[in-house]
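None of the figures in this text is laboratory data; all of them are computed from the coordinates on show. Bear in mind that the values here come from a model prediction, so they are computed numbers and not experimental data. As a convention, Cβ positions derive from the backbone with ideal geometry for all residues, glycine included, and neighbour counts pool all protein chains shown.
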Amino acid sequence: MHPDLPHLRELQELDNRIRELDEEISRLPKYVARIESQLESHKRALQADKDALEENRKSRVKMDAEIVDAQQKAARLRTQMNEARTNEQFRAFQHEIEFFEKDVSKIEDRILDKMVESETYDRNVKIAQTALDEEAIKVASEVETVKARVAEDQREAEAKRTERAEHAARISGAALRIYERVRRTRGGIAVARADMQYCLACNVMLRPQFSQTLRGADELLTCESCGRILYYEPPGAVVAEDPAAMNS
Ligand SMILES: [Zn+2]
């Protein structure tokens, strides 16, 4: 076996893990932003319900005042009616009083409607408030979990990078250049397993002679199709540790 090969395989393992960690480190804050913005939009919805409830209350206060006003007007007219001198005047007062009394009853109907409406708003606000409180607790706890996870990922990624540098230092410059070039152009996978017949990364059949050379190889061989650095492992041996290597 070529002396670089174990380090190259190790490098690939480390790079796979570093990539996984980096992806998670960039993905998690987006997740946090999403759940926080959901929470904000639920807060705004609740505030809109609260505002509607308050509007409802204000309009009832206003209508109460309108009733008092109409009642006072009717009362004043009743006093004036006592001084009516003709039947015509009397009927005119009566007519005006009826107008205000009808007005009062119309306003009372509207107040009733508003009260029914306010019960619905009130119920909605209570339900939304409970849900929001639960959501806020959940979001806060998830944010903490994510922060801890990201910090842990960053520590691990840093450790893996140190480990990677150690392995890279033991690999010859030529092999390292092949590794880096292939990794860049082949979806991050530069080292692939081969069995007796195939490169298991690109699934192209190896020439029999190439395959034979690979099995006994003291030199570093790359797949003639995908260019990946190959290592031989017979069929039925332990499956390659990185399943991504199998299908790219
Ligand atoms: Zn290949």
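How many times 2.2 N^0.38 Å is the alpha carbon radius of gyration of the range 173-246?
Dividing the Cα radius of gyration by 2.2 N^0.38 Å gives 1.02.
When the convex hull of the Cα atoms of the range 162-201 is projected onto a plane and the area is averaged over all directions, what value comes out in nm²?
3.6
Rank these for me by crowding, Val204, Val139, going from fewest to most other beta carbons within 10 Å.
Listed from fewest to most nearby Cβ atoms, that is Val204, Val139.
So which aspartates and glutamates pass the test for Lys43, namely a Cα distance under 17 Å, with those fewer than 8 places away in the same chain ruled out?
Partners within reach: Asp51, Glu54, Asp122, Asp133, Glu134, Glu135.
Percent of Cα-Cα pairs more than 23 Å apart in the range 86-178, please.
70
Test of understanding: ordering Val146, Val191 by Cβ neighbours within 10 Å, fewest first, what list do you get?
Arranged by neighbour count, lowest to highest, Val146, Val191 become Val146, Val191.
Cα-Cα over 28 Å: which of Lys58/Lys126; Lys30/Lys138; Lys114/Lys138; Lys138/Lys160?
In this structure, Lys114/Lys138; Lys138/Lys160 exceed 28 Å between Cα atoms.
Over the residues of the range 5-170, compute the C-alpha Rg and express it relative to 2.2 N^0.38 Å. Mind showing how you got there, number by number?
Details: Rg = 35.5 Å, N = 166, 2.2 N^0.38 = 15.3 Å.
Normalised Cα radius of gyration, the range 5-170: 2.32.
Stick to Cα atoms and the Kirkwood definition of Rh, then tell me Rg/Rh for the range 69-114.
A ratio of 1.12.
Would you mind telling me which residue in Gln71, Gln38, Gln129 has the biggest mean-square fluctuation in a Gaussian network model of the chain, where springs connect alpha carbons within a distance under 10 angstrom?
Comparing Gln71, Gln38, Gln129 in the GNM, the peak value goes to Gln71.
Considering every pair of different Cα atoms, what Kirkwood radius, in Å, is found for the range 116-248?
19.2
Counting Lys +1, Arg +1, Asp -1, Glu -1, what net charge surrounds Asp109 among other residues with beta carbon under 12 Å of its beta carbon?
The answer is +1.
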